[in-house]
Structures are given as structure tokens and as C-alpha cells.
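Below: the structure, in C-alpha cells.
What follows is calculated from the coordinates using simple rules that are stated; it is not laboratory data. As the structure is a computational prediction, the values presented were derived from the model and not from experiment. Positions of Cβ are backbone-derived with ideal geometry, glycine not excepted, and every protein chain shown enters the neighbour counts.
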Amino acid sequence: MPLIETRDLWQRRDGHDILKNINLRVERGEIFALIGPTGAGKTTLLRLIDMLDIPAEGKVFFNGTDINSSDKVRLETRRKMAFVLQKPVVFNASVYENIACGLRWRGVNSRDIHKEVDGIVETVELKSYKYRNARTLSGGEVQRVAIARAIAVQPEVLLLDEPTANLDPVSASKIEDLIAGIIKRETITVIMATHDMSQGQRLADRIGVLVNGEMVQTGGLHEIFTSPRNKQVAELVGMENIIDGVVTSNVGEMATIDINGRVIEAVTDFDVGVEVSVCMRPEDITVALSRISSSARNSMAGNITWTVSTGPLCRVEIDCGFPLVALVTRRSAEEMRLKKGTQVFANFKAVSIHVLRRN
Amino acid sequence: MTELWNGLVKAVELIVTLDPEVMQIAGRSLMISVSSAVIGSVICIPVACLIHFNRFHGKRFLVSLIQTFYSVPTVAIGLFVFVFISRAGPLGGLGILFTPTAIVVGQVILITPILLGLTISALNSVDRAILDTARSLGASGWQMAVLVIKEARFAVMAAVIMGFGRAISEVGISLMVGGNIRGFTRVITTAISLETSKGDIELSLALGIILIFIALVVNIVMNRIQQR
């Protein structure tokens, strides 16, 4: 039996469907990431699971029990979960009191609360702030208080809504480490919403992709990453190059695809004549100044239309009859003197191309 | 003009020398109005929570009704309470007419709308995310109410102080159901009105100064609270 299950869950607001028929199963001990662009319904789904809102249709089950069956069940179930909101707020009280409140509401005695909170402020590195008013803390610190407050009650399920979205990179990686530590140390089920695919990959066992209120695809990390089901998922998982074409031949799953008159080879089982979208990651495309014979099946000539350097990497767009974005190291970009107008060859393997049927 | 000046000098003298009559009346006034504010708060804060946390039909109407009664005339309440507790009234058996208790009852009724209304708006001002957080951390209904009052504590305190201010400055109720009995139910406001009509300006002025001083303190405390 899954620990958390949603059945035909719908949510509506002002006549709009925010969630459409969500059927989700999360097993005990699983770290599940809900990935999707902002406004996809991730927060709404988490709020329904935590019973902060009532669904328009459908049910949520916790360990087989309908969580909205009565107020008593609602409270009891909620006390087995903890939810860290996207923009966490702290109560106008000390850090200690903030972390202690969940335990207090569960009737834990003061001595045990003291022991528990003392341990947790060390974990979240807020020991020196223990008696400070939590309202005076910075964003990253507030986030840590919110996480501390949630894990203090030793929940069976931890719900995290964009835990690092509003933080600077340093605080964000601190929070991520903290979450990774919690996941490693404790047997806990986590459902985490994030728009950051790489964060999902770093922390989760399984991923569900939510787009426009629909659960477009759920699966393991590898599956989502390598075989997105549609364009939106492909974009989300970093397949920046999505180009439309038509299959012109297919022999033993090695197909040729016509894109604007240029032909590429790709591995797919789509038949001749099928209209497809070809998806490629920029990091799977190598750039060379001359045609190289390697295991790369495709080598397309083209001119660079723009280059942008970001940190140690350089992003270049090559016009090979269709635009193709490639990622090269800054060093090799400098060595090859890549700039606008340079003629180059874009090389990519047939297996690194993901082919989707267009509809 | 000299009369007023002499009166003022005498009044300050009465205050500085801690004149027994002045002190007694001021002390009684404080006692009665503090009691009204405390009793009113004990009743109104939980009721305000009930109204705030429950969704029911006509809630908005109820809240505007409460706000309408902020400025209910004190004599109207005096009359109303008088009718109830006079010997022939339905609560005449209690025998509380012309006692400090009667004044407290009247003042509690007087300040109930203010306490209710301002407490409800204080609770309203608490961020929804605070409620969601508390609920997600497993707070039950009344645990949430306690938390929200704590979060809005300064605004709730302001409501109580406003209630106290209204109670101590009213005269209609104290006069009608207290009876202005010397040494028993005479409070600052009733004493001022009586002594002024008797021509004893000094005593009136002294009590007036004390009343203004109390109002000033109340205002300073209010400002302090609202700045937090």
C-alpha cells in the first residue's frame, strides 16, 4: 500500500482547473520530487496533501485512510506530516519557541522538548540564535528555522515547497545539504516541489512532472531525464534543442530524419513519414573546426550566430539550416576562437537524440 | 479668569497633597474601569476568536453590526441596564442597582462592541501563512486561536486599552446605574459633573486633570504598542 495516494484529484479556483485528475502514489521512504514550471500546480497539490485546502474532486489517502473523512482524522494525519511552505513565515517568538511549537501542540513534556530542540538547533546550525526573536533572522535562516520546526515533530512525511527558490546560491546549497542530510539520516518520506530539475536529480528517487495542472510523466530519474514524454518535459529536463522534422527512412531503429532539408541520423522506432520533434541537450553536442570522423553519427556544418560565456562554459548557437545550441568549455571556445560567423561542425551521436512524435 | 487660575492652583494642590477625597474617587474610578476592561476582555477575546475562526452565514453583517455599536450613547446603555436591574426589572432581585457592580455591568456592555470589533480586526491582520504554518504543524482549533492571539498580541492589547479608555471616560452609565453615591459609587466623571454644578470648581478641575492624565497615559501606551 502506498503511504500517500491521490485518486482522481481535481482542484479548481475561479472556474479554472488548477489540478486535473492527479493520480499519484508515493511509497514509504521514497523521496519524490514534483517538478514543473511556476504556476503548474505544485503548491496546490502539496496543500491538498497536507489538507490545508479541500479538493474540488477526488480523494487523498494516507496509509489507506481517506484523510478528509473527519476533522479528527484530519488532525491526526496532519500530525504525521510536516509542510515547509515556499515562503516560510516564523512566529513572533524566539527561534527556540518556533521549533518547539509543533512538539508543544502534540503534548510533549518540556524536558523532552528541550532535548529535541537542542539537538535540532545544532543540526540546522542555529544554536547561537536559539533565544533570538525569529523575526530578526535572514531569509536563509528563516528557511532553516522552518525546516527545523518541521523535522522537530519527526514526521512520517515531509512536504517541501520550493525549499531553495527564494534564497541566494550559498544559502540554497546549505539548505540542500541540510535536506540531503535529513534524507540520509532518517527514514522519512519526502514530497518536494521544485522547478529546478537538477535539484530534483540531486535529491529525489522518483520524479513527477507537473505541467498546467496535469501530471505529464512520472518515473525514475533516468527515465525522466533521458526519455521525456513530450516537448514540455523535454524542455524542463534541459533538452534545449527541440527541432521539428520528418522520418524519411528507418532500418532497424536507425532512422534518418529530414529537418529543413538537412538530414540527421537518430535512434527511434517511428516509421517513415511520422512527424517528429528531435530533442538534444546542448552538452551532448561537440563543436569542431573541421569535420571529424568519430563515433558521432552526425556532423553538421554551420555558422555561429551568437556565443555567450557563463562561468567556465560557453554557449554557442550554430545555424546548420536549423538553430542548434551547443555547450563547450570556455577554454576550448577560446582555443578555437569561436565567435559570431565562425564556420564550425556540430557533432552529435545518434543515440544522444531523443525523438518525440509531434501532435 | 482669576477664578479659573485659582481653581487650577487649588486643583494642583489637591493632587500634590494627595487629598483623600480626590484619591479615593480616582482610585474607585480606576478600580471600576479596570474591572470592566478585564471582564470585558475575558468575555470578548474568546468570542472574537469564535467569530473569526468560524465561517457562518451573516458573518460580515455581524461584524458591521458590532462596528456600528462602537459609538453607542452611554445614556442609552445606562437606561437599558437601569430597566433590567431596577427593583421592578427582570434582574431586580440581584439588588445591584446603585452599586459599583452595576457600573461595571454597564461599562462591560458599553465596551463589548469595541473589544469585539477591534479584536476581530487584530486577528484578521495576522498573515494567512501563519495560520497555514500552524495548521501544518498540527495545531488543533484552540491551539491555533491561542497562537493567533499571541501573534496579534499588540493589536489585541490596543483593543483592551481602547475599551478601558472608553469605560473610564463615560459618565452616563455611572450616573444612572451607579447613582453617584459619595464614598460608594462616585467616580471621576460623575464627581466632576456634580461638583461643577455645585460650583466647587477646584475639586472638578483636580479630577479633570487626573482624568486627562489617565487618558494621556493610555494614549502613550497605545502609541508604544502600535509602534511595535
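Straight-line reach from A:K184: which lysines have Cα under 21 Å away, leaving out those fewer than 8 places along the same chain?
Partners within reach: A:K80, A:K174.
Dipole size in debye (nearest 20) for the range A:216-359 around its Cα centre, Lys and Arg Cβ +1, Asp and Glu Cβ -1?
Numbers: 15 positive and 16 negative charges, 99 e Å.
Dipole magnitude for the range A:216-359 comes out near 480 debye.
Can you give the three extents of the C-alpha atoms in the range B:2-227 along their principal axes, from longest to shortest, in whole Å?
If we take the Cα atoms of the range B:2-227, the spans are 67, 46, 25 Å.
Please find the FRET efficiency linking B:Q24 to B:A215, where r is the Cβ-Cβ separation and R0 is fixed at 22 Å, and quote it to the nearest 0.05.
That gives a FRET efficiency of 0.65.
Quick check: pseudo-label points 7 Å beyond the Cα along Cα→Cβ at A:D112 and A:M336, how many nm apart are they?
6.3
In terms of modelled amide H atoms, which long-range or inter-chain residues lie less than 5 Å from the amide H of A:F83?
Those qualifying (amide H under 5 Å, at least 5 residues apart or on another chain) are A:L159.
Only Cα pairs within less than 10 Å get springs; with that Gaussian network setup on chain B, which residue of B:G183, B:G117, B:G165 has the largest fluctuation?
Taking springs between Cα atoms under 10 Å, the residue moving most is B:G183.
Which residues' amide hydrogens lie under 5 Å from the amide hydrogen of A:I188, considering only partners 5 or more residues apart or on another chain, with H built in the peptide plane?
Under 5 Å from the amide H of A:I188 lies no amide H from a residue far enough along the sequence or on another chain.
Measure out, as a whole number of angstrom, how far apart the alpha-carbon centroids of the range A:322-344 and the range B:1-68 sit.
With the range A:322-344 and the range B:1-68 each reduced to a Cα centre, they are spaced 79 Å.
Could you run the Karplus curve 6.51 cos²θ - 1.76 cosθ + 1.60 with θ = phi - 60° over the range A:170-179 and give me ³J(HN,Hα) per residue in whole Hz, x for Gly and Pro?
5, 4, 4, 6, 4, 5, 5, 4, 4, 5
I'd like the antiparallel share, as a percent to the nearest 5, of DSSP beta bridges with both residues in the protein assembly as shown. Present the calculation step by step, with values, prior to reporting the outcome.
Working: 65 of 83 bridges.
Among the beta bridges of the protein assembly as shown, antiparallel pairing accounts for roughly 80 percent.
Restricting to the range A:4-235, what percent of DSSP beta bridges are antiparallel, rounded to 5?
Around 55 percent of the beta bridges assigned by DSSP in the range A:4-235 are antiparallel ones.
Taking only the alpha-carbon positions of the range B:147-228 and ignoring solvent, what does the Debye formula give for the base-10 log of I(q)/I(0) at q = 0.12, 0.14, 0.22 Å⁻¹?
For the requested q values the scattering log ratios are -0.46, -0.58, -0.98.
Return, ordered by residue number, the residues of the range A:278-312 whose backbone nitrogen is under 17 Å from a label point located 7 Å along Cα→Cβ of A:S198.
A:281-285, A:308-312
Mind checking which of A:Q199, A:Q86, A:G238 is farthest towards the positive end of the protein assembly as shown's charge dipole, using Cβ charges of +1 (Lys, Arg) and -1 (Asp, Glu) about the Cα centre?
A:Q86
For the range B:75-136, run through the trypsin sites (Lys or Arg not before Pro) and keep only the ones in DSSP coil with at most 15 other Cβ atoms within 10 Å of their Cβ.
B:R87
Applying 1/(1 + (r/R0)^6) with R0 = 45 Å to the Cβ-Cβ distance of A:A301 and B:S140, what FRET efficiency is obtained, to the nearest 0.05?
0.05
Per residue of B:137-149, what is the mean number of Cβ atoms on other protein chains within 10 angstrom of that residue's Cβ?
5
Going by how many other beta carbons lie within 10 Å of each one, how would you line up B:V34, A:V211, A:V251, B:V108, fewest first?
Taking fewest neighbouring Cβ atoms as first place, the list is A:V251, B:V34, A:V211, B:V108.
At 222 nm, what helix-only mean residue ellipticity would chain A give, in deg cm²/dmol to the nearest 500, using -39500 (n - 2.57) for each DSSP H run of four or more?
The per-residue figure over chain A is -8000 deg cm²/dmol.
For A:D319, A:D269, which order do you get if you count the other beta carbons within 10 Å of each Cβ and list the fewest first?
By the 10 Å Cβ count, ascending, the order reads A:D269, A:D319.
Find the relative contact order for chain B and round it to a whole percent, using C-alpha pairs within less than 8 Å whose residues are 6+ positions apart.
Details: 267 pairs, mean separation 71.4, N = 228.
About 31 percent, as a whole number.
So what J values fall out for the range A:152-169 if you push phi through Karplus, 6.51 cos²θ - 1.76 cosθ + 1.60 with θ = phi - 60°, rounded to Hz, Gly and Pro as x?
Each residue's phi maps through the Karplus curve to give 4, 7, 6, x, 6, 10, 10, 9, 10, 10, 6, x, 10, 4, 9, 10, 6, x Hz.
Are there any chymotrypsin sites (Phe, Trp or Tyr not before Pro) in the range B:1-56 that are in a DSSP loop and have at most 15 other Cβ atoms within 10 Å? List them by number.
Passing sites in the range B:1-56 are B:F56.
Starting from the amide H of A:S249, placed 1.01 Å from N in the peptide plane, find each other amide H under 5 Å away whose residue is 5 or more places distant or on another chain.
For A:S249, whose amide H was placed from the backbone, the distant partners under 5 Å are A:T256.
Using each residue's phi in the range B:4-9, evaluate 6.51 cos²θ - 1.76 cosθ + 1.60 at θ = phi - 60° and report the 3J(HN,Hα) Karplus result to the nearest Hz, with x for Gly and Pro.
5, 4, 4, x, 4, 4
Taking a virtual spin label 7 Å from the Cα of B:E3 along the C-beta vector, which residues in the range B:197-228 bring their backbone nitrogen under 13 Å of it?
Residues passing the 13 Å test: B:197-202.
Select from A:V73, A:I18, A:Y131 the residue farthest towards the positive end of the dipole of the range A:4-235; place +1 on Cβ of Lys and Arg, -1 on Cβ of Asp and Glu, and compute about the Cα centre.
Of the listed residues, the answer is A:Y131.
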